[in-house]
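Have a look at the structure below, then the notes.
The values are calculated or read from the model by the stated rules, or taken from the named source; none is laboratory data. Predicted model, so just to flag it, every value in this text is computed and none were measured. Counting neighbours? That spans all protein chains shown, and the Cβs are built from the backbone with ideal geometry, glycine included. SASA here: full protein model, heavy atoms, side chains in, ligands and nucleic acids out. Shrake-Rupley method; radii C 1.70, N 1.55, O 1.52, S 1.80 Å.
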Amino acid sequence: MQCEDEWVSSSQQSEPPLSSSHTAPEAPNGADGRQPSTTQVIRLPRLALVAVGLLLLGTALPAVSWPAALGWLLILPILACIWVLRVRTVITPEAITARRFIGSDVIEWNSVQGLHFPNRRWARVVLTDKTEKSLPLVRFDLLPELAAASGGRITDPYAAAAADRARAEAEEAAEAEEAEHEDERAPENR
């Protein structure tokens with residue numbers, strides 16, 4: 001397309017650019033898509049800071065109107081902000097790091113016996129000495145990501161169930177095919 005003295009590119013490209021800020025980096029093995037990371041960080045989304053801002057607005061009005069009695073309310077948004085920014089669980093092939101509001105634990109994989117998911121709460125790691133430590137923000141639905149980051153130390157129950165289902169379907173198909181072949185042979189024997 002030409003516009004006066006300059007060539008103008010089409011507004012619709014036939015192919016997307018090879019790389020841009022919106023595409024995943026090319027995988028070293030030539031596979032398409034995002035490659036699994038060896039580190040998994042589980043934390044609250046930064047959007048939770050909007051709720052902290054709303055909490056600040058909600059506590060600022062009473063604190064400003066009667067500072068002598070309600071000024072302490074301004075501590076609540078500060079504590080909530082620290083909690084949102086600090087609390088996380090980091091899982092690497094070497095260890096699990098659990099950062100809490102106060103303190104943190106680094107748990108080596110050789111001291112981990114398993115994971116425990118109490119009723120609708122965060123996961124707890126069971127250590128070889130039978131003690132348990134909580135893993136902040138880790139829920140059962142995050143197990144596939146944990147399994148990928150753990151280097152195989154945590155089993156992905158969803159993948160195991162899918163593999164069992166595929167194996168059962170393959171066995172059923174093999175049995176059906178074998179029964180079909182037997183039915184074909186039966187008339188020949190008569």
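Residue-wise test of (1) within 18 Å of R43 (Cα to Cα); (2) in a helix (DSSP H, G or I).
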residue	(1), (2)
L76	no, yes
C81	yes, yes
T155	no, no
Y158	no, yes
A168	no, yes
E178	no, yes
E184	no, yes
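Does the stretch 58-65 include one or more residues that are more than 16 Å from R43 (Cβ to Cβ), surrounded by 15 or more Cβ atoms within 10 Å (Cβ to Cβ) and either among the basic types (K, R) or more than 21 Å from the chain's Cα centre (by Cα) (or both)?
Checked against the condition, which is being more than 16 Å from R43 (Cβ to Cβ), surrounded by 15 or more Cβ atoms within 10 Å (Cβ to Cβ) and either among the basic types (K, R) or more than 21 Å from the chain's Cα centre (by Cα) (or both), the stretch 58-65 yields at least one hit.
Quick grid of which residues meet (1) at pLDDT below 95; (2) under 21 Å from E145 (Cα atoms); (3) open to solvent by 90 Å² or more (accessible area, probe 1.4 Å):
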residue: E6; (1), (2), (3): yes, no, yes
residue: E15; (1), (2), (3): yes, no, yes
residue: S20; (1), (2), (3): yes, no, no
residue: P77; (1), (2), (3): no, no, no
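Considering only residues that are under 30 Å from I102 (Cβ atoms) and in a helix (DSSP H, G or I), which ones fall in the stretch 135-147? Spell out how you get there, then give the answer.
Of the stretch 135-147, the ones under 30 Å from I102 (Cβ atoms) are 135-143, 145-147.
If the condition is that a residue be under 30 Å from I102 (Cβ atoms) and in a helix (DSSP H, G or I), then F140, D141, L142, L143, E145, L146, A147 are the ones that fit.
Based on this model, can you work out whether I96 counts as loosely packed, with under 15 Cβ neighbours inside 10 Å and within 20 Å of L44 (Cβ to Cβ)?
No.
Could you identify the single residue in A123, A161 that is open to solvent by 40 Å² or more (accessible area, probe 1.4 Å) and not aromatic (F, W, Y)?
A161
Looking at G114, G103, G71, which one is of a type in the set (G, A, S) and either open to solvent by 40 Å² or more (accessible area, probe 1.4 Å) or in contact with a helix residue (DSSP H, G or I) (Cβ under 9 Å, 6 or more places away or on another chain) (or both)?
G71 is the lone residue from the list that is of a type in the set (G, A, S) and either open to solvent by 40 Å² or more (accessible area, probe 1.4 Å) or in contact with a helix residue (DSSP H, G or I) (Cβ under 9 Å, 6 or more places away or on another chain) (or both).
Taking interchain pairs and intrachain pairs at least six residues apart, which have beta carbon atoms under 7 angstrom, with the first residue in the stretch 125-150 and within 13 Å of V41 (Cα to Cα) and at pLDDT 90 or above and the second outside any loop (DSSP other than H, G, I, E, B) and among the polar types (S, T, N, Q)?
Final answer for the pair search is L135/T89; P136/T89; L137/T89; V138/T89.
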